[in-house]
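FYI, it's all coordinate maths here, none of it is from the lab. Keep in mind that what you see is a predicted model, and the values were worked out from it rather than measured. Cβ placement follows ideal geometry from the backbone for every residue including glycine, while neighbour counts extend to all protein chains displayed.
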Amino acid sequence: MTNYDPAAPRRFLWLVFAFIILWPALLITQFNPLLFFESTNLQVLGNFLGQFFPPQTARDFLQILFKATLETLAIATAGITLALIIAIPLGLIISQSLSISRIGPANGHLLWWSMRYIARIIMMILRGVPEIVWALLLVRVFGLGVTAGVLAIAVTYGGMLGKVYSEILESSDTKSCRVLLQLGSGRIVAFFYGLLPGASQELASYTIYRWECALRASVVMGFVGAGGLGQLMDQSMKLLNGSEVSSILIVFLLLVLLADWLSYEVRRQLL
Amino acid sequence: MNTYPAEQFCIKCFTTILVIITCIVGSFVYLQMPLFEIFSAESLANLSTYVGRFFPADISSIFLKKIGIGIIETLAISAIGTLVASFFAILLALPAAGLFGSLAQQLVGFLLNFLRSVPELVWATLMVLTVGLGPFAGVLALALHTAGVLGRLFAQSIENSPTQIARSLELSGASSMNIFLYGLLPQISSQILSYSLYRWEMNIRMATILGFVGAGGLGQILFYELSLLHEAQACSVIIAMLLLVIGVDAISAKLRRVQSFSLA
């Protein structure tokens, strides 16, 4: 009696059931942990990782690395700035709290409703396609380099920010805005005097958080040739130059930490 | 007429705004982005012919079948990757929660930090080098990154879970395995499940793009078709990605609503 667990049979059945469901998935993904421990494979990885120490510190390389780091920072900043240009109008269009037709019967109700709907669909497409796919597509138009990266961030984060802006505007205190609209003021004025004062801190805080995300994304986008640290890392990886990759990784980790800290500090001051 | 008293001049706000503007202008100057050329008539005309090549999307049944296989592969990569990750995350969370002394806690904490700081795509490149092209590399890449994320979250839930049951089992002489299985695991299992499902959702999105470095799934098809300048096919793949992401979003939002209802 001492070792009897009443729940054991049921648990065992669940395990078998889960395994039957997952078996095809294991086959599809060619799941084979042994591959990882094959001596030739381990040797390739071992050689590569062995070069990680010491990291590359040659003067020319550090200069290139410094340039790429600045480039990454600039891509994220410029990308978010352009994203704002997309996000602010779209966010204002779809925000329900600036809707006059919600207050009462208004002219052109159908027109505005359909405009909102179209704006929503545009934003869904912008943010639904991953930023690296946008980068891959834009690299083919603007060539390898930073332009594709900046525009990819602008497009994806424009869609994301727009949606979140409208949600923030709807969830913050909308009374004064509604009163302004009911008294017959224009939507832009109602936004500036009724909504913005209450929501500005949250809006700014979210924008800075997205800047931090854009920084991380801009490193990843380098892998398809959109400039910055990622492109440098991709080149070094293709040449199997472990010491360079390790320097780049260290800089990347420091950069992420810095962005984390900066965004935390600024947001703490704001809220 | 505005009758509010004017706000006092705030030097801190002013400098902050000035610094931000300087950073933005500096970025554009540093990148030397030809903003005006991008939006010139010629460039826009180029862009529209390029976009035009994507339409109409290829919806021949052969290609749709290929996309279907790609979607299944993407889902499988993300599911197995998340599963492997949560298994190792539980193992790593025990020392990370300080159950095996503070030295182990520090070491494992550092390992988890490292695992999750390296982006999935970098792990994928490394894994493609190790185990070759294919979906298995994607599974490993997702597993490594996600193990870092989940390990930290699981460690937090272990730290926050009440210890009375584990303690009483320990005092009555249960083995440490039994303490874990019957004292700890039931307390955190629902959190483990919800965190894992949440990461699975994110990993589905990630698995669609891991193929860019050769780690299988929809991304690999997209990269391949774009390299061959097959824009119509690429368009179908992008639409499939979009539908996959939107579908996953909708399902998870629905499930979350159901869950919050049943909790309330």
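Using a Gaussian network model of chain A whose springs link C-alpha atoms within less than 10 Å, name the residue from A:LEU195, A:LEU257, A:LEU215 with the highest mean-square fluctuation.
A:LEU257
Give or take rounding to whole Å, what are the principal axis extents of the alpha carbon atoms in the range A:173-239, in descending order?
67, 18, 11 Å, listed from the longest principal axis down.
Per q in 0.15, 0.16, 0.17, 0.22 Å⁻¹, report the Debye log10 I(q)/I(0) for the range B:73-208, using one uniform scatterer on each alpha carbon and no solvent.
Calculated log10 I(q)/I(0) at the listed q: -0.72, -0.80, -0.87, -1.22.
Do any chymotrypsin sites (Phe, Trp or Tyr not before Pro) in the range A:171-205 lie in a DSSP loop with no more than 11 other beta carbon atoms within 10 Å, and if so, which?
Here no chymotrypsin sites (Phe, Trp or Tyr not before Pro) fit, given the DSSP loop and packing criteria.
Compute all pairwise cysteine Cβ distances in chain B, then list the cysteines with no distance under 4.7 Å to another cysteine.
B:CYS23, B:CYS235
Shielding of B:200-213 by partners, i.e. mean partner chain Cβ atoms within 10 Å per residue?
Per residue, the average neighbour count from other chains is 2.
So if I take the alpha carbon set of chain B, get Rg, then get Rh from the Kirkwood formula, what is the Rg over Rh ratio? Walk me through the intermediate numbers first.
Numbers: Rg = 25.2 Å, Rh = 22.6 Å.
Rg/Rh for chain B comes to 1.12.
In whole angstrom, note down how far apart the Cα centers of the range B:186-234 and the range A:1-76 are.
Going from one Cα centre to the other spans 15 Å.
Please identify every one of the chymotrypsin sites (Phe, Trp or Tyr not before Pro) in the range A:1-55 that sits in a loop by DSSP and has no more than 16 other beta carbons within 10 Å of its own beta carbon. Let's see the in-between values first.
Working: sites: A:TYR4, A:PHE12, A:TRP14, A:PHE17, A:PHE19, A:PHE31, A:PHE36, A:PHE37, A:PHE48, A:PHE52; in loops: A:TYR4, A:PHE31, A:PHE52.
Hits after loop and neighbour filter: A:TYR4, A:PHE52.
Please work out the FRET efficiency for the pair B:LEU18 and B:PHE39, using the Cβ-Cβ distance as r and a Förster radius of 30 Å; give the result to the nearest 0.05.
0.65
Once label points are set 7 Å from the Cα along Cα→Cβ at both A:TYR117 and B:ALA174, what is their separation, rounded to one decimal in nm?
In this crude spin-label approximation the distance works out to 5.8 nm.
Dividing the convex hull volume of the Cα atoms of chain A by its residue count, what figure in Å³ per residue is obtained?
Residue-normalised Cα hull volume stands at 269 Å³.
Per-residue Cβ counts within 10 Å, from other chains only, averaged over A:149-161: what number is that?
Counting other chains' Cβ atoms within 10 Å and averaging over A:149-161 gives 1.
Label the range B:40-112 by shape, choosing from rounded, prolate and oblate, from the square roots a ≥ b ≥ c of the eigenvalues of the Cα gyration tensor; if a/c is under 1.5 it is rounded, and otherwise prolate applies when a/b is larger than b/c, oblate when it is not.
oblate
Most fluctuating residue of A:ARG178, A:ARG216, A:ARG11 in a GNM of chain A with Cα springs under 10 Å: which is it?
Its mean-square fluctuation being the largest, the pick is A:ARG11.
May I have the convex hull volume per residue, in Å³, for the Cα set of the range A:150-270?
95 Å³
Mind checking which of A:VAL251, A:GLN201, A:TRP211 is farthest towards the positive end of chain A's charge dipole, using Cβ charges of +1 (Lys, Arg) and -1 (Asp, Glu) about the Cα centre?
The listed residue farthest towards the positive side: A:GLN201.
Picking from B:ALA215, B:ALA147, B:ALA57, which is most flexible by a Gaussian network model of chain B using Cα springs under 10 Å?
Result: B:ALA57 has the largest fluctuation of those listed.
Using the Cα centre of the range B:76-215 as the reference point, and only Cβ charges (+1 on K/R, -1 on D/E), how large is the resulting charge dipole? Debye, rounded to the nearest 20.
Computed charge dipole of the range B:76-215: roughly 80 debye.
How about the range B:39-130: which trypsin sites (Lys or Arg not before Pro) there are in a DSSP loop, with at most 13 other Cβ atoms within 10 Å of their Cβ?
Taking the range B:39-130 and a limit of 13 other Cβ atoms within 10 Å, the loop trypsin sites (Lys or Arg not before Pro) found are B:ARG53.
Could you please tell me the mean projected area of the C-alpha convex hull for the protein assembly as shown, averaged over all directions and given in square nanometres to one decimal?
Taking the Cα atoms of the protein assembly as shown, their convex hull projects to 32.4 nm² on average.
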